[in-house]
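What follows is calculated from the coordinates using simple rules that are stated; it is not laboratory data. None of the values given here were measured: they were computed from a predicted structure. Here the Cβ positions follow ideal geometry from the backbone for every residue, glycine too, while neighbour counts run over all protein chains shown.
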Amino acid sequence: MSNTKTYNVAVLGATGAVGQKIIETLEMKNFPIKQLKLLSSSRSAGTKIKFNDEIIIVEEAKPESFEGVDIALFSAGGSISKVLAPEAVKRGAVVIDNTSAYRMDESVPLVIPEVNETDIQAHNGIIANPNCSTIQMVTALKPIQDKYGLNRVIVSTYQAVSGAGAEAVEELKDQAQAFLAGEDLHAELLPVKSESNHYPIAFNALPQIDVFQDNGYTFEEMKMINETKKILHHAELSVAATCVRLPFFTSHAESVYFEVEEDTSVSSIQATLKHAPGIVLKDNPQKQEYPTPLDAAGKSDVFVGRIRKDLDDHKGYHMWVVSDNLLKGAAWNSVQIAESLVKNNWL
Ligand code: L14
């Protein structure tokens, strides 16, 4: 017998880049919804959004908005999550939070369903969705860790502008047009809106995503470092990251160097990843086959290619990992967590 139970679901940040993808993913996956509530700041309240055959009017999010809600998907920024997630939990909702507000909180599971689904069970009302760059890398590293052990990871990212929101996408479009018309480029947003210096992203590369920390790493880099250890339950793992913004719209790409504990081979790693959940192996140098951001865009999988052995360290390997940052990196992973809550009765 199929489970016919349905749920009251709320999406906070419904008009944002991730929020819109969450709504599309809920519809596409036919999530068992009784009533869908769309919430935002007062600025976007009143926006009309289509869901299945219904037009839903976005409401301003308030603590009382979560009355009667079973599952609330949050992606309206960390400071809003800090205020409203406890209010939602107080009213009986389980919050799946897409911001960095709770990820490193010890009482909050940080989950990629293909990697550590059972961690969800221990939730106290909040489950954190990892950072987009972390999700795609860890989805690819987990089967490798399980089979060969893992003691070191060094990653450089090539990140799409949509990670910084819909406004950043507009900034890139405007700058690209200005550049081709021979006009001056206006930079008001990237690398970080709230900071004083802004640099053009069009035809450029910016080695800063999120704010700098005292140790010289950016917060995006530290998120990758700390979240990877937590999700893999491997506090001793050495992780270093360099996160770079590039001028394309969708999908992050990553060059990942990793060192395994047991001797293996490229073909063994390829075979392992070929059968791993959520992974599509696209690795055939003879035919020039490897994933790119453009072909990963709009797809829910994590694509891996360019697997090769380090020339000096016999336990070192390199790979190229690409995934849609708004889907597996955000909306898709969040809805997978919601599906797991329902399927396993972990609400
Ligand atoms: O931590 O600007 O969830 O690309 C993910 C997107 C942080 C910013 C997070 C970006 C955000 C990042």
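Mind checking which of 106, 170, 220 has the largest fluctuation in a GNM of the chain, springs on alpha carbons under 10 Å?
Fluctuation is largest for 106.
Two decimals is fine: what's Rg over Rh for the chain, C-alpha atoms, Kirkwood radius as Rh? Don't jump to the answer; show the numbers that get you there.
Values: Rg = 20.2 Å, Rh = 20.9 Å.
Value, to two decimals: 0.97.
Please check: in the Gaussian network model of the chain (C-alpha springs, under 10 Å), which one of 255, 79, 65 has the largest mean-square fluctuation.
Greatest mean-square fluctuation among the candidates belongs to 79.
Compute the label zone of residue 146 within segment 266-287: residues whose backbone N is under 12 Å from the point 7 Å along Cα-to-Cβ.
Answer for this model: 272-279.
Would you order 26, 73 from fewest to most other beta-carbon atoms within 10 Å of each residue's own beta-carbon? Intermediate results must be reported in sequence, preceding the final value.
Numbers: 26 24, 73 29.
If I rank by nearby Cβ atoms, fewest first, I get 26, 73.
Exceeding 23 Å between C-alpha atoms, which entries from my cross-link table qualify? They are 147/230; 62/82; 50/90; 37/82; 48/82. Walk me through the numbers before you get to the answer.
Working: 147/230 19 Å; 62/82 13 Å; 50/90 29 Å; 37/82 20 Å; 48/82 26 Å.
In this structure, 50/90; 48/82 exceed 23 Å between Cα atoms.
Cα centroids of segment 99-130 and segment 287-301: how far apart, whole angstrom?
Comparing the Cα centres of segment 99-130 and segment 287-301, I get a distance of 28 Å.
Points 7 angstrom from Cα along the Cβ direction at residue 179 and residue 167: gap in nanometres?
A separation of 2.1 nm, rounded to one decimal place.
Any idea how far the Cα center of segment 10-37 sits from the one of segment 314-347, in Å?
17 Å
Pick out the long, greasy-scoring helices in the chain: whole DSSP H runs spanning 20 Å or more along their own axis by Cα, mean Kyte-Doolittle at least 1.0.
Numbers: long enough: 132-148 (24 Å, -0.01); 166-180 (22 Å, -0.21).
Membrane-span-like by this criterion, though nothing is claimed about a membrane: none.
As an exercise, use a Förster radius of 25 Å and the Cβ-Cβ distance of residue 344 and residue 30 to find the FRET efficiency, rounded to the nearest 0.05. Could the numbers behind the result be given before it?
Values: r = 18 Å, r/R0 = 0.73.
Taking R0 as 25 Å, the efficiency between residue 344 and residue 30 is 0.85.
Quick one: order 346, 320 by neighbouring beta-carbon count within 10 Å, fewest to most.
Details: 346 16, 320 21.
Listed from fewest to most nearby Cβ atoms, that is 346, 320.
Translational diffusion coefficient of segment 24-130 at 4 °C, 1.567 mPa s, Stokes-Einstein with Kirkwood Rh over Cα pairs, in µm²/s as a whole number. Each step should come with its number before you reach the end.
Values: Rh = 14.6 Å.
Reported coefficient: 89 µm²/s.
Just for segment 1-111, what percent of DSSP beta bridges are antiparallel, to the closest 5?
On the way: 4 of 20 bridges.
Restricted to segment 1-111, the bridges split so that about 20 percent are antiparallel.
I'd like the antiparallel share, as a percent to the nearest 5, of DSSP beta bridges with both residues in the chain.
Values: 29 of 60 bridges.
Looking only at bridges with both residues in the chain, the antiparallel portion is about 50 percent.
May I ask you to order 324-333, 222-231 by the average number of other C-beta atoms within 10 Å around their residues, highest value first?
Numbers: 324-333: 27.5, 222-231: 21.9.
The most tightly packed comes first, giving 324-333, 222-231.
Where both partners of a DSSP beta bridge lie in segment 2-62, what percent of those bridges are antiparallel, to the nearest 5? Walk me through the numbers before you get to the answer.
Numbers: 4 of 12 bridges.
Given both bridge residues lie in segment 2-62, the antiparallel proportion sits at roughly 35 percent.
Can you tell me the convex hull volume per residue for segment 77-170, based on C-alpha atoms, in Å³ to the nearest whole number?
Values: hull volume 11.4 nm³, N = 94.
Roughly 121 Å³ of hull volume per residue.
Looking at segment 231-347, how many pairs of lysines come closer than 18 Å at the Cα, when each pair is eight or more places apart or spans two chains?
Final tally of qualifying lysine pairs is 9.
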